[in-house]
Amino acid sequence: MIDLDRPHRWWQGRPLQTRVGSITALIVGLGIALTAIGGYATVAYQLNRSIDEGLIRRAQEAQETPLSDPSALIEQPAEIFLATQLRAAVVGSNGNAYFPRDDDGTIAPPPVGEPEVAVAAGRSERSLRTTTVEDNSFRVVAVPTEPGFSLVLAQPTEPTDDVLDRLQIVSLVVGSAGVALGAWAGVRLVRTALRPVRSLTAAAEHVAATGRLDPIAVEGHDELGRLAVAFNTMLGALDAARAQQSRLVADAGHELRTPLTSLRTNLELLAQSDQREPGDRLPAEEREGLLADVRAQVEELSTLVADLVELSRQDAPTASVEQVDFLDLVQDAVTRVQRRAPRGVEFHLDGESWMIDGDSALLSRAVTNLLDNAAKYSPPDGTIRITLRDGVLEVADDGPGIAEPDLPYVFDRFYRSEASRGRPGSGLGLAIVRAAALRHGGSVTASRSANGGALMRLTVPATSSVS
């Protein structure tokens, strides 16, 4: 079976520089060929027209001279016709031809045929044709003269044919040179135009080989220049993601080290106590205290791992998107947080329905983190005020608030202010809130409330879609 796609695959497998150079050469060749053909046709037409006009003019002039009489034509000196390379004859309606003679013989007569006889017989007003006699080409014109006769003039086309032959050679040489020059210019043009692409290719290969995300030089402001800018932007984003990943690993390791060390120490103390004699073991109260510390540390580790897993979901390729009422998510979160909040802390919710398309689990976790953060810093008799209007959720508490130097960093991963270092938490709760907001096309900000506490504002557009 013949593979019809093989030529296409072969052509697509050629280097881009070769393909563009070949196409350029083909286009230039076609252009030169069309120009040469048009020029040749124009010159040939003009030369032939010049010959025709000269023959017709001479024939018309001869109609009014004695040359139109057969006897007069025969008596003309042959040198007149030899000098002009013309052949002349008077043709009768019976086909007889009369032409000049010299002393040594007869001047070759012009080609005579049926068209010339038809003019002599009056069946045609004029005849004009090209014919060949003994490998010689002639342009022949016949006009009527005396009744029953026609004057025939013939001129060889050899000079014109020589000019046209030379023109063909010149066109072929110039055309070939033009095609070669066009191919060279096309290759040079493509090589220059593809220089940024080669730089991008080299940069990509450099990144793949070394892992270094060095930007490339940007040349110009055209499409390739914008491509280089986009490539540098991508490298910057990759570098930022790599740095963020490194910081996440380092920060997670730092946060895990303390509870793990404490947990191992407490477990070793319990193990050593169990190996002693009954009288030398830890008192029951100290043992209960160590167990309580172990449970707290395990819970802290569980929370930290859960927060890390939640943060990783922002990079998930797919998400569960559904239409939900944002107010329902807030009400459910308030109900859950109230159960575990310190006694005396009150929650006041004032909201309106707000339908969105999003990841309900991620948004619910974000709202819960905001409420947990407010409950953690609220005084025992404090009030947490929650409002929802037009997709803007505000959570305000009566706590000490956020210091001005800490406001730009409260949503960073593992960031913990000086005032919160002694409180439980992983430092990832508000980072999860920001991740959820950005993923839904919204935003989150932190400021001070009217009562001096913290004010968190989470905005989720109605037409948001998980990205």
Can you list residues from other chains, or at least 5 along the same chain, whose modelled amide H is less than 5 Å from the amide H of Phe347? Ile384
Quick one: what are the phi-derived ³J(HN,Hα) couplings along the stretch 141-147, Karplus 6.51/-1.76/1.60 with θ = phi - 60°, whole Hz, x for glycine and proline? 10, 10, 10, x, 10, 5, x
Take Val337, Val367 and order them by how many other Cβ atoms sit within 10 Å, fewest up front. Val337, Val367
Apply the Karplus curve 6.51 cos²θ - 1.76 cosθ + 1.60, θ = phi - 60°, to the phi angles in the stretch 430-446 and return the couplings in whole Hz, x for Gly and Pro. 6, 5, 5, 4, 5, 4, 5, 5, 5, 5, 9, x, x, 7, 9, 9, 10
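Read-outs: derived from the displayed coordinates by stated rules, not from any lab. All of these numbers come straight from a predicted model, not from anything done at the bench. Don't worry about glycine lacking a Cβ; one is built from the backbone with ideal geometry, like all the others, and counts go over all protein chains shown.
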